[in-house]
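Only one structure is covered here, and it is reproduced in the block below.
What follows is calculated from the coordinates using simple rules that are stated; it is not laboratory data. On a predicted model such as this, the values are computed, not experimentally measured, just so you know. Cβ sites come from the backbone with ideal geometry, for glycine too, and all protein chains shown count toward neighbours.
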Amino acid sequence: MFSFFRKLFESKNTNKSKDFDRQEHDPMKKFLIVGLGNIGHKYEKTRHNIGFRVLDFLAEKEDLTFESNKLGDVTTYKLKGRTFVLLKPSTFMNLSGKAVRYWLEKEKIPLENLLVVTDDLNLPFGTFRLKIKGSDGGHNGLKDIQHILNTTKYNRFRFGISDTFSQGKQIDYVLGNWITEEEKLLPERLEKAVEVIKSFGLAGVTNTMNSFNGK
């Protein structure tokens, strides 16, 4: 009789263990969040590096530490049963696709759970726009990701940097530092950007778009 109860208890524990393993390895609960930027101190506070800066802000807020790994700096953030793999590619902006593909495959993350954070000249400063597909819009980082993944159907989180530059000065503008007034406003925008990332994993891309686009 005791052996019967022992087997029953062990069976329940085994089932619980299997359920736990399934939850831990459920690909639909794991997300790859890629912040685009260029490596090196001189690029840290440039407009083009807002993807890096958003992830750095999240890491600092949640006491996470990035570690240098293959093709990028990586850390993991867990929230309410979801796992967010945060990636800052070390390939430079124009070759971001290789890092994105590698980490999608390594972590066995489905394409629909990819979110790429990038700057956007066509949006006013600090304005957000999430899209589930679309063109690269002339952005070389997105262009390379599209080429390597062979699709335009991946989620991107565009952070507006505005287009207040003179004709022929676009490169200088995107690779330039934020002006003093923008730097003062950035912390609030970065805080809101972190909310976008969390919402993407918890509420889904459609609900997140409805809640944050244009904000």
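Structure notes:
- Among strands (runs of 3 or more DSSP E) entirely within the stretch 103-199, having at least 1 residues that are touching a Lys or Arg at 6+ places or on another chain (Cβ under 6 Å), basic (Lys, Arg) and crowded, with 18+ Cβ neighbours inside 10 Å singles out 128-131, 155-160.
- Filter result (in contact (Cβ under 8 Å) with a residue 12 or more places away in the chain, among the charged types (D, E, K, R) and in contact with a strand residue (DSSP E or B) (Cβ under 7 Å, 6 or more places away or on another chain)) within the stretch 62-106: GLU62, ASP73, ARG82, LYS88
- The lone criterion from (1) under 13 Å from the mean Cα position of the chain (by Cα); (2) closer than 21 Å to ASP56 by Cα left unmet by LEU111 is number (2).
- Among the residues of the stretch 69-91, those identified as surrounded by 15 or more Cβ atoms within 10 Å (Cβ to Cβ) and either under 22 Å from LYS153 (Cα atoms) or of a type in the set (S, T, N, Q) (or both) are ASN69, THR75, THR83, PHE84, VAL85, LEU86, LEU87, LYS88, PRO89, SER90, THR91.
This table checks each residue for (1) within 14 Å of the chain's Cα centre (by Cα); (2) closer than 24 Å to LYS61 by Cβ; (3) touching a residue at least 24 places away in the same chain (Cβ under 8 Å).
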{"position": "LYS131", "(1), (2), (3)": "yes, no, yes"}
{"position": "GLN146", "(1), (2), (3)": "no, no, yes"}
{"position": "SER162", "(1), (2), (3)": "no, no, yes"}
{"position": "GLY204", "(1), (2), (3)": "yes, yes, no"}
{"position": "ASN213", "(1), (2), (3)": "no, yes, yes"}
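- Flag for THR180 being in contact with a helix residue (DSSP H, G or I) (Cβ under 7 Å, 6 or more places away or on another chain), more than 22 Å from LYS61 (Cβ to Cβ) and among the polar types (S, T, N, Q): no
- For the stretch 75-108, the tally of residues that are within 14 Å of the chain's Cα centre (by Cα) and within 14 Å of GLY37 (Cβ to Cβ) stands at 7.
- Among the residues making up the stretch 50-61, a single one is under 16 Å from HIS139 (Cβ atoms) and free of Cβ contacts under 8 Å to residues at least 60 places away in the same chain: PHE52.
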